[in-house]
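Comments concern the structure below.
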Amino acid sequence: MVVGAFPIAKLLYLGVRQMSKPIANRIKAGARRSEFFKAYICGPPAQIYHWVEMRTKMRIMGFRGSVIKPLNEDTAAELGAELLGEAVIFLIGGGCMVLEYSRQAANSRRKEEELNETITSLQTELAELT
């Protein structure tokens with residue numbers, strides 16, 4: 001019985017994905033402490049997210065033209081840090097998917113080339129025998 005190669009790449013990808021959550025938590029903690037992150041990195045996306053979410057909820061409930069109050073600075077920083085953490089996790093997961101796809105495509109391409117070489121060599125041997 002032949003055992004396939006140990007999928008070390010898949011194990012590494014799984015490890016990277018598992019480590020992305022603590023990395024995201026550290027980034028969120030740093031974003032909460034830094035005034036620059038609060039004001040310029042976390043705050044604006046959180047305000048936009050809040051505005052879109054509240055606007056959508058209001059329209060679903062039938063309220064049109066309602067004025068939406070912006071979030072206070074602390075709440076916006078917290079929401080922005082959460083959004084930033086989720087974005088990091090999403091990007092790491094997406095990167096792992098892209099790497100796995102490119103690895104599978106390279107393996108497929110290599111097998112195709114080996115098959116083509118085998119077919120070519122068999123054709124030349126057949127031509128020599130005839």
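Since every read-out is calculated from the coordinates, none of them should be taken as a lab result. Nothing here was measured: the structure is a model prediction, and the numbers come from that model. Virtual Cβ from ideal backbone geometry, glycine too; neighbours counted across all protein chains shown.
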FRET E, pair M97, T75, Förster distance 41 Å, beta-carbon r, rounded to 0.05: 0.80
Partner lysines whose C-alpha sits under 19 Å from that of K21, ignoring same-chain residues fewer than 8 away, are K10
Could I have the simple spin-label model distance between R59 and E128, label points 7 Å from Cα toward Cβ, reported in nm to one decimal? 7.2 nm
Could you check which residue among V67, V98, V88 shows the biggest mean-square fluctuation in a GNM of the chain with a 10 Å Cα cutoff? V67
Which FRET efficiency value, to the nearest 0.05, is calculated for N107 and V52 with the Förster distance at 35 angstrom and r the Cβ-Cβ distance? 0.25
Label assignment, P(r) over Cα pairs in 10 Å bins from 0, in percent derived from the structure, set (i) 11, 31, 23, 16, 11, 6, 2, 1, 0; (ii) 11, 28, 19, 14, 12, 10, 5, 1; (iii) 11, 22, 19, 17, 12, 9, 6, 4, 1: (iii)
From the backbone phi of region 55-60, what are the Karplus-calculated ³J(HN,Hα) couplings (6.51 cos²θ - 1.76 cosθ + 1.60, θ = phi - 60°) in whole Hz, Gly and Pro given as x? 4, 5, 4, 5, 5, 5
Lysines whose Cα lies under 22 Å from that of K28, excluding same-chain neighbours fewer than 8 positions away: K38
